[in-house]
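First up is the structure itself, then whatever we jot down about it.
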Amino acid sequence: MSLLMDLHTHTIASGHAYSTLKENLEQARERGLLVMGISDHSCVPPAPAIPYYLRNFKVFTPYMLGIRLLKGVEANIVDYQGNIDVEEQDLARLDYVIASLHQQNLAPGSRLQNTQAICGAIRHPRVNIIGHPNDGVYPIDFAEVVPLAKQHQVALELNNATLRANAGRERPRELAIEMLELCKQHQTSVIVGSDSHIYYDVGEFSQAKALLREVHFPEALVINHQLERLSRIKIHL
Ligand SMILES: [Zn+2]
Ligand SMILES: [Zn+2]
């Protein structure tokens, strides 16, 4: 079965990505995706936050170039309670929210602090996906995170970019395997995301697919296989 959706894509609006929305959509179509989500960073210092960018999403039509476009954001987790840096009035306009830890926005804490940060974000009612939880820069306790994600209808991301040799993360593969094994045990869904910062990476999932095969991960727990599975994580088409 193929992966039909990529909900982690960046455009030039992120400030450090290199393609336009149209280029990303064209690539999504070429790869046979049915749904693409746009998830530019909410804020990367020194760039300001992007409320005006989010507020003008009203210009989007539900389908562009034949692809169902979902309006999202990759919000930063900004403290160890798990608060994120997008205002509720802006979150309310979006189809989905990815919450991620990034070093520009929160210094890595202890394992306990990082885990509390992720768990706080999971409990946030607007958060649908935790971005790259296998980023070893922020060690977390997956035994705590994985069942909580299931309980709050949040998917943990299997991030293709972090699995690349040049990703500059710490032990991303080992941590992804640890996460996937616990997801199997707790029946927690994962979502594969490209984290593309240039058009040709949209829908590029080879590393993630290989890892899913390697650990015999159940197809039924991978959101990307069926559009209806988005409802498991509170996303409605
Ligand atoms: Zn980025
Ligand atoms: Zn990220």
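The values are calculated or read from the model by the stated rules, or taken from the named source; none is laboratory data. This is a predicted model, so every value here is computed, not measured. Don't worry about glycine lacking a Cβ; one is built from the backbone with ideal geometry, like all the others, and counts go over all protein chains shown. To get the accessible areas, we keep the full protein, side chains included, count just its heavy atoms, and leave off ligands, DNA and RNA. Shrake-Rupley method; radii C 1.70, N 1.55, O 1.52, S 1.80 Å.
Restricting attention to the chain, close to 10% of DSSP beta bridges with both partner residues there are antiparallel. The phi torsions of the range 138-145, fed into the Karplus equation with coefficients 6.51, -1.76 and 1.60 and a -60° offset, translate into couplings of 10, x, 9, 8, 5, 4, 8, 6 Hz, rounded to whole numbers, with Gly and Pro shown as x. Put a plus charge on the Cβ of each Lys and Arg, a minus charge on the Cβ of each Asp and Glu, and nothing anywhere else: the dipole of the chain about its Cα centre is then about 460 debye. Summing Lys and Arg as +1 and Asp and Glu as -1 over all other residues whose Cβ lies under 13 Å from the Cβ of GLN113 gives a net charge of -2. The range 71-97 and the range 147-169 have Cα centres separated by 17 Å. Note on HIS16 and GLN153: with the Förster distance fixed at 22 Å, the Cβ-Cβ geometry gives a FRET efficiency of about 0.10. Approximating the spin labels as points 7 Å out from Cα along Cα→Cβ, the ASP79-to-SER110 distance works out to 1.9 nm.
For the pair GLU219 and GLU88 in one chain, pulling the backbone fully straight at 0.36 nm per residue adds 43.8 nm over the alpha carbon distance. Counted residue by residue at 0.36 nm each, then reduced by the alpha carbon distance between them, the extension gain from MET1 to MET64 reaches 20.3 nm.
Rolling a 1.4 angstrom probe over the range 5-233 with all protein chains present gives an accessible area of which 52% lies on carbon and sulfur atoms. In the range 122-147, which residues have a backbone nitrogen under 14 Å from the label point lying 7 Å from PHE57's Cα in the Cα-to-Cβ direction? Those under the cut-off are 126-129. Using θ = phi - 60° in the Karplus curve 6.51 cos²θ - 1.76 cosθ + 1.60, the 3J(HN,Hα) couplings for the range 63-76 round to 10, 9, 6, x, 9, 6, 9, 9, 9, x, 8, 9, 7, 8 Hz; x is entered for Gly and Pro. Residues whose amide H comes within less than 5 Å of that of GLU157, counting only those at least five positions distant or on another chain, are ILE130, HIS132, ILE191 (H built at 1.01 Å from N in the peptide plane).
The residue list HIS8, GLY82, SER100 was ranked by how far each Cα lies along the charge dipole of the range 1-100 toward its positive end, using unit charges on Cβ atoms, and HIS8 comes out on top. Residues whose amide H comes within less than 5 Å of that of ILE77, counting only those at least five positions distant or on another chain, are SER100, LEU101, HIS102 (H built at 1.01 Å from N in the peptide plane).
Residues in the range 169-178 carry Karplus couplings, in order, of 9, 9, 6, x, 5, 4, 5, 5, 5, 4 Hz; the curve used is 6.51 cos²θ - 1.76 cosθ + 1.60 with θ = phi - 60°, and Gly or Pro positions show x. In the chain, taking the dipole from charged Cβ atoms about the Cα centre, the farthest positive-side position among LEU212, GLN153, VAL202 is held by GLN153.
In terms of the mean number of neighbouring beta-carbon atoms within 10 Å, the peptides 104-112, 150-158, 65-73 order highest first as 150-158, 65-73, 104-112.
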